[in-house]
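Contents: one structure, followed by commentary.
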Amino acid sequence: MNTFAKINLYFFSEKDVDLKNNIVFGTFYDPKKKKWRKDSFPFPDVYYNRRGGELKRNKRVQNVRKTFDQLNISKINAQHFYDKWFSYVKLKQYPELKPHLPHTTLFQSKQDLKDMFKTTSRVYLKSLKQNNGVGVMSVSKTKKGYTYKYYRKTKLHKQTVKNLNRLMKVIRSFFQNKPFIVQKAIDLLTYQKRPLDLRCDVQRNGKGSLEFVAHSVRVGSKNAHITNTKSNPNIYRFEDFFKNHMGYSNEQFNQLKQRLETFLFLVYQRVEDCYGPFGEMGMGIDIGIDQQKQLWLIECNVKPGKNSMWVYDEKTINRAFYNPLSYT
């Protein structure tokens, strides 16, 4: 892929960076020997930061990022992580986006939950910086009390407690004093009584233009409160799913696709207005569609995986990997 993009591509961690001598010991694929090798390289012209967002955990990572910034080494993405609360505050300032953002508050006390449950019977609690379903708990208010769900690795935990005080003990244990948001749940479209959402791959290509590479539909497993890989969802191609499983006509599908891509373009622009340019936000733009067919921005990720791409053809998958390289 890097041959087609006409770039030298290598991979490295913070341990591979020699800050004193401006050298990186990178891992690269040798096409002649058909194997992975390691060698020394000068500092990159452009790098794609896929390291975690919590800098305090690793001072070495922080030093590498700081040095690269001081040397004006370009980044494919302007931001290496999202703070969910900060992103919500920034994006809701745009009138055209605000109606598409689930009502969210930063948790400060038990009163925040009480207030949210006055307007809805189901909420999500989300860690500010974790993703891929980590640090996410759903809570539903019922006649019997409060039913909560969360994943530990790939195992779903579900239980009901009688009152809010008992729920707070569970929440404190789950988040371990880390900050989190309280978010009103979206009444998502369902398929076979299972919730669904979209993973949208939007990228800048070698010309700097936005491309809608692929949209994947994720249908959560039974009883799951999330649709990402932790819940082992079923993945479908966008067009195939809505035409063959949801019964959309060509006209209905084309209208949905146009609405979706217009919305994605707006989201991408506004995120760049807030943070700076992004070469890739693909697979990190999670879109929900509610029962009234309204579009909702669930989340954007800056280090997107390609877990949902396997349902597409080789040409589409290659494009998803090629675009960030050609953008450099």
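Points to keep in mind about this one:
- Of all the listed residues (160, 104), the sole one being surrounded by 14 or more Cβ atoms within 10 Å (Cβ to Cβ), more than 21 Å from residue 230 (Cα to Cα), hydroxyl-bearing (Ser, Thr, Tyr) and in contact with a strand residue (DSSP E or B) (Cβ under 6 Å, 6 or more places away or on another chain) is 104.
- Pairing each residue of segment 289-300 that is in the same structural domain as residue 130 (by TED's automatic domain parsing) and under 18 Å from residue 92 (Cβ atoms) with any residue that is modelled with pLDDT under 95 and basic (Lys, Arg), provided the two are 6+ apart or on different chains, yields no C-beta distance under 7 Å.
- Residues in segment 275-301 that are at pLDDT below 95 and either of a type in the set (D, E, K, R) or in a loop (DSSP other than H, G, I, E, B) (or both): 276, 277, 279, 280, 281, 282, 283, 284, 286, 299, 300, 301.
- Total residues in segment 133-148 satisfying the condition of being touching a Ser or Thr at 6+ places or on another chain (Cβ under 6 Å) and among the hydroxyl-bearing types (Ser, Thr, Tyr): the figure is 2.
- Contact annotation: residue pairs with Cβ atoms under 7 Å, 6 or more positions apart or on different chains, pairing a residue in segment 122-151 that is surrounded by fewer than 17 Cβ atoms within 10 Å (Cβ to Cβ) with a partner that is among the aliphatic types (A, V, I, L, M), are 145/161.
- Checking 239, 261, 272, 251 one by one, the residue that is surrounded by fewer than 18 Cβ atoms within 10 Å (Cβ to Cβ), part of a helix (DSSP H, G or I) and modelled with pLDDT under 95 is 272 and no other.
- Any hit, segment 80-99, residues being β-branched (Val, Ile, Thr) and more than 18 Å from the chain's Cα centre (by Cα): no
The rows are residues; the columns are (1) under 23 Å from residue 134 (Cβ atoms); (2) outside the structural domain of residue 19 (by TED's automatic domain parsing).
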| site | (1), (2) |
| --- | --- |
| 35 | no, no |
| 39 | no, no |
| 50 | yes, no |
| 68 | no, no |
| 71 | no, no |
| 88 | yes, yes |
| 94 | no, yes |
| 119 | no, yes |
| 123 | yes, yes |
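- Matching option when the condition is assigned by TED's automatic domain parsing to the domain that holds residue 269 and not hydroxyl-bearing (Ser, Thr, Tyr), among 158, 193: 193
- Residues that are over 17 Å from residue 264 (Cα atoms), part of a loop (DSSP other than H, G, I, E, B) and free of Cβ contacts under 8 Å to residues at least 60 places away in the same chain, drawn from segment 67-92: 71, 72, 73, 83
- Filtering segment 104-117 to residues that are assigned to a loop (DSSP other than H, G, I, E, B) and either in contact with a helix residue (DSSP H, G or I) (Cβ under 8 Å, 6 or more places away or on another chain) or in the same structural domain as residue 221 (by TED's automatic domain parsing) (or both) leaves only 107.
- The lone exception for residue 232 - which of (1) in contact (Cβ under 8 Å) with a residue 24 or more places away in the chain; (2) under 21 Å from the mean Cα position of the chain (by Cα); (3) on the phi < 0 side of the Ramachandran plot it fails: (3)
- Spans of strands (runs of 3 or more DSSP E) in segment 132-230 with at least 2 residues within 21 Å of residue 240 (Cα to Cα): 194-204, 210-219
- Some residue of segment 7-15 being at pLDDT below 95 and in contact with a Lys or Arg (Cβ under 6 Å, 6 or more places away or on another chain): yes
The values are calculated or read from the model by the stated rules, or taken from the named source; none is laboratory data. The model shown is predicted, which means the values in this text are computed figures rather than measured ones. For neighbour counting, all protein chains shown are included, and Cβ atoms are generated from backbone atoms with ideal geometry for every residue, glycine included.
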